[in-house]
Amino acid sequence: MRTTSLLFDDRVLIDMGTGVGDLSLGAMEAIDTVFLTHSHLDHIVALPLMLDSVGPRRNKPLQVCALKETIETLQAHIFNGSVWPDFTAIPTAETPFLRFEPIVPGQSIAVDNKNFQAIVVNHTVPAVGYLVGSDQGSFAFTGDTAQNKEEFWDVINDCHDLKHLVIETSFVDADAEVALVSRHLNPATFVEEMAKYRNSARVWLTHMMPGFEEEITSQIRQHNSALDFSILKRGDRINI
């Protein structure tokens with residue numbers, strides 16, 4: 001079982017779920033920048049562990065870009081000296097293993113030849129998705145989300161070079177109430193969200209509850225057999 005982590009050009013991660021564990025130590029050491037969608041454990045669990053493993057091997061801090069609220073949660077509950085060392089001050093405050101960079105929705109940060117734009121999404125804690133742009137095209141990732149307002153879809157639909165949209169659908173329809181209170185999508189609400197989608201980019205589903213992938217897929221087909229989508233699997237490579 002692996003949780004969310006998307007690797008770009010071997011140097012940038014969106015989220016640090018358990019999928020980071022598939023990387024070698026050398027590959028982890030090469031990562032310079034991380035963009036977090038939100039503070040939930042399945043999206044940040046590998047961050048403290050990776051820093052502990054490769055921090056001493058690196059010659060500069062790992063830059064972690066996230067909402068102010070996400071950073072505050074990590075500082076209060078993870079890097080607090082009790083649960084895990086405060087790597088923003090280790091080995092020294094001047095040369096730490098970790099440096100946080102607060103971001104706000106709508107902000108873009110350039111890393112090498114790509115721009116990472118934060119887009120606010122609807123979740124139980126402050127959260128963003130990301131629109132990743134390059135000269136070759138763009139890629140969008142919702143992160144964890146329930147149904148979003150038109151402002152979110154305006155950004156996605158106005159991106160004329162979008163090639164891929166990765167969107168979550170966590171629960172089966174029988175668990176629609178759980179999806180509602182935890183602010184995730186289920187097949188019925190995913191199909192409703194797709195009715196707002198006006199782009200032609202390829203759609204990928206992710207963040208499905210383990211063991212329910214086939215049922216979620218089948219229920220989506222029952223709601224709308226014409227929807228074209230793929231399932232994002234561990235180790236998949238997407239070209240932008």
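Scanning for something aromatic (F, W, Y) and within 13 Å of the chain's Cα centre (by Cα), does segment 145-160 turn up at least one residue? The answer is no, given that none of the residues of segment 145-160 is aromatic (F, W, Y) and within 13 Å of the chain's Cα centre (by Cα). The residues on offer are V121, V155, V125, and the sole one that is buried (at least 22 other Cβ atoms within 10 Å of the Cβ), hydrophobic (A, V, I, L, M, F, W, C) and either closer than 24 Å to T189 by Cβ or not assigned by TED's automatic domain parsing to the domain that holds P85 (or both) is V121.
Exactly one residue out of S108, S39 is within 16 Å of the chain's Cα centre (by Cα) and touching a residue at least 60 places away in the same chain (Cβ under 8 Å): that is S39.
Annotation: Y130 fulfils all but one of (1) hydroxyl-bearing (S, T, Y); (2) in a loop (DSSP other than H, G, I, E, B); (3) surrounded by 14 or more Cβ atoms within 10 Å (Cβ to Cβ); the unmet one is (2).
Within segment 145-157, work out how many residues are assigned to a loop (DSSP other than H, G, I, E, B) and of a type in the set (A, V, I, L, M).
Total meeting the criteria: 1.
Is one or more of the residues making up segment 205-216 touching a His at 6+ places or on another chain (Cβ under 7 Å) and not aliphatic (A, V, I, L, M)? Scanning segment 205-216 turns up no residue that is touching a His at 6+ places or on another chain (Cβ under 7 Å) and not aliphatic (A, V, I, L, M).
Here is a check on your reading of the model: is F87 closer than 21 Å to A30 by Cβ and surrounded by 12 or more Cβ atoms within 10 Å (Cβ to Cβ)? Against the criterion (closer than 21 Å to A30 by Cβ and surrounded by 12 or more Cβ atoms within 10 Å (Cβ to Cβ)), F87 qualifies. Of T95, T70, all but one fail to be under 17 Å from the mean Cα position of the chain (by Cα), among the polar types (S, T, N, Q) and farther than 19 Å from R11 by Cα; the exception is T70. Go through segment 23-66 and give me each residue that's among the polar types (S, T, N, Q) and either in contact with a Ser or Thr (Cβ under 6 Å, 6 or more places away or on another chain) or on the phi > 0 side of the Ramachandran plot (or both). Hits for segment 23-66 are S39, Q63.
The values are calculated or read from the model by the stated rules, or taken from the named source; none is laboratory data. Keep in mind that what you see is a predicted model, and the values were worked out from it rather than measured. Cβ: placed from backbone, ideal geometry, glycine included. Neighbour counts: every protein chain shown.
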